[in-house]
Amino acid sequence: MSAGAPLQLTIELGERSYPIMIGEGLLDDAALLARHVTARDVLVVTNSTVGPLYADRLCRGLAGKRVRTVTLPDGEQYKSQAVLGQVFDALVEARLNRDGCVVALGGGVVGDMAGFAAACYQRGIEFVQVPTTLLAQVDSAVGGKTGINHPGGKNLIGAFHQPRAVLADLATLRTLPARELRAGLAEVIKYGLVDDAGFLGWIEHNLDRLLALDMDALAHAVRRSCEIKARIVAADEREHGQRALLNLGHTFGHAIETAEGYGEWLHGEAVAVGMLLAADLSQRLGWLQPAEVERVRTLLRRAGLPLDAPRIGAGRALQLMGMDKKVLQGRIRLVLLRRVGAGFVTSEYPAEALQATLLHHFGAPA
């Protein structure tokens with residue numbers, strides 16, 4: 001993808017609608033930044049990995065504003081109440097008022113924490129997402145989910161708080177570690193599995209280009225992923241129904257992340273294994289054919305993603321899944337596949353089928 005005018009998509013949410021800008025060089029586009037960060041007082045929230053790479057460039061693009069920066073430690077294990085307090089402290093020390101703006105510069109952890117702080121501070125101030133990982137650009141920065149983890153479960157404490165804009169600078173992906181890139185690809189694959197079989201075929205055909213950081217391929221992957229998410233979020237902002245489709249593999253994956261300790265598994269890695277479990281259960285229930293499950297496995301293997309769940313025991317896995325936010329009236333709602341490209345949300349499945357999947361992948365209870 002050559003540098004030029006960025007592509008714009010829109011999340012249609014009435015008065016809360018906002019643009020997603022996708023392109024190269026957005027961090028250096030002062031006019032673009034001025035258009036979307038209109039506040040005089042700005043707090044940039046970043047982390048110890050991304051900050052040294054991009055914070056100065058972003059701050060130069062915000063010249064003329066009163067800008068402060070807070071740098072958080074890097075890692076899922078820091079997505080906690082204690083570290084969130086550092087953001088609140090920085091907001092108070094910077095004397096931001098309700099017309100201030102938080103700018104999240106980083107991956108999903110930074111975006112979730114900065115957005116949650118913005119949702120809470122003075123009962124809600126503006127924030128802008130500047131995602132620097134593939135996973136954040138295609139998923140976590142879009143849709144307004146913000147929050148932190150709890151030892152009892154992932155993302156249990158949070159709020160829906162839509163950003164003013166999402167500015168996805170594809171050039172930042174050039175500094176992304178290979179493991180983080182692969183983790184982001186898990187979320188890209190998810191969109192094809194639940195909603196667009198044609199896109200899944202495109203991913204299979206172009207996977208080597210994506211892994212090689214081909215900008216044209218990445219631009220298409222980010223754009224198509226955001227198009228799918230934008231449509232689903234616009235129809236179900238607060239996840240009462242259709243939006244839960246976007247959690248394919250997440251109920252299983254969150255159990256892995258919580259059991260293993262936040263930060264041991266990257267989110268996308270846990271989701272990849274979770275998608276295999278969802279495919280396994282879908283086959284047991286008669287929807288997917290064995291060849292389709294193998295197709296999912298092959299694509300994840302080619303992407304360099306893990307295929308084997310940790311042996312935490314089926315009982316422990318089920319206990320952690322019971323804390324998932326999609327549980328209603330004591331029933332775990334799961335995202336399953338009627339076929340490749342057609343996901344659906346259900347709590348109507350035989351308990352013994354789920355138990356068989358959990359035993360096969362997580363092992364017998366200790």
Look at E227 and say whether it is modelled with pLDDT under 95, touching a strand residue (DSSP E or B) at 6+ places or on another chain (Cβ under 9 Å) and charged (D, E, K, R). no
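Could you tell me whether region 148-167 includes any residue that is farther than 27 Å from L320 by Cα, in contact (Cβ under 8 Å) with a residue 60 or more places away in the chain and basic (K, R)?
Within region 148-167 (the criterion being farther than 27 Å from L320 by Cα, in contact (Cβ under 8 Å) with a residue 60 or more places away in the chain and basic (K, R)), the answer is yes, since at least one residue qualifies.
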Looking at V233, V271, V296, can you tell me which residue is crowded, with 21+ Cβ neighbours inside 10 Å, modelled with pLDDT under 95 and not assigned by TED's automatic domain parsing to the domain that holds T146? V233
Among the candidates A82, A55, single out the residue that is in a helix (DSSP H, G or I), free of Cβ contacts under 8 Å to residues at least 24 places away in the same chain and among the small types (G, A, S). A82
Just to be sure before I move on: is V67 in contact with a strand residue (DSSP E or B) (Cβ under 7 Å, 6 or more places away or on another chain), at pLDDT 95 or above and closer than 27 Å to R224 by Cα in the structure I sent? no
Output the qualifying pairs, or none if there are none: Cβ atoms under 7 angstrom, residues six or more apart or on different chains, first residue in region 58-70 and more than 17 Å from L91 (Cα to Cα), second residue of a type outside the set (S, T, Y) and assigned to a strand (DSSP E or B). L58/V44; L58/L105; L58/V130; L62/V42
Quick one: which of L27, L32 is surrounded by 14 or more Cβ atoms within 10 Å (Cβ to Cβ), in a helix (DSSP H, G or I) and in contact with a Lys or Arg (Cβ under 6 Å, 6 or more places away or on another chain)? L27
Against the definition (touching a strand residue (DSSP E or B) at 6+ places or on another chain (Cβ under 9 Å), of a type outside the set (D, E) and farther than 19 Å from V335 by Cα), how does H250 come out, yes or no? no
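How many residues are touching a Gly at 6+ places or on another chain (Cβ under 8 Å) and within 14 Å of P6 (Cα to Cα) when one looks only at region 157-173?
Here is the first cut: in region 157-173, the residues touching a Gly at 6+ places or on another chain (Cβ under 8 Å) are 157-163, 168-171.
Going one step further and asking which of them are within 14 Å of P6 (Cα to Cα), we end up with 168-171.
Count: 4.
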Taking region 89-127 as the region of interest, how many residues are touching a Gly at 6+ places or on another chain (Cβ under 6 Å) and of a type outside the set (D, E, K, R)? 4
Can you pull out the residues in region 167-209 that are part of a helix (DSSP H, G or I), under 18 Å from the mean Cα position of the chain (by Cα) and surrounded by fewer than 16 Cβ atoms within 10 Å (Cβ to Cβ)? A178, R179
Residues of region 42-52 being touching a residue at least 60 places away in the same chain (Cβ under 8 Å) and either more than 23 Å from G153 (Cβ to Cβ) or surrounded by fewer than 20 Cβ atoms within 10 Å (Cβ to Cβ) (or both), in sequence order, are V42, L43, V44, V45, T46, V50
Among the residues of region 117-130, which ones are in contact (Cβ under 8 Å) with a residue 40 or more places away in the chain and buried (at least 24 other Cβ atoms within 10 Å of the Cβ)? A117, A118, V128, V130
For region 314-329, indicate whether the set of residues that are among the polar types (S, T, N, Q) and at pLDDT below 95 is non-empty. yes
Does region 291-304 contain any residue that is in contact (Cβ under 8 Å) with a residue 40 or more places away in the chain, under 30 Å from R224 (Cα atoms), out of contact with any Ser or Thr (no Cβ under 9 Å at 6 or more places or on another chain) and not in a helix (DSSP H, G or I)? yes
So G111 ticks every box in (1) touching a helix residue (DSSP H, G or I) at 6+ places or on another chain (Cβ under 6 Å); (2) modelled with pLDDT under 95; (3) not β-branched (V, I, T) but one. Which box is left unticked? (2)
Here the residues within region 240-268 that are crowded, with 19+ Cβ neighbours inside 10 Å and at positive phi are G249
Matching option when the condition is assigned by TED's automatic domain parsing to the domain that holds S17, in a loop (DSSP other than H, G, I, E, B) and at pLDDT 95 or above, among L96, L135, L91: L96
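The values are calculated or read from the model by the stated rules, or taken from the named source; none is laboratory data. Given the structure is predicted, the values throughout are model-derived calculations rather than measurements. Cβ atoms come from the backbone with ideal geometry, glycine included; neighbour counts cover every protein chain shown.
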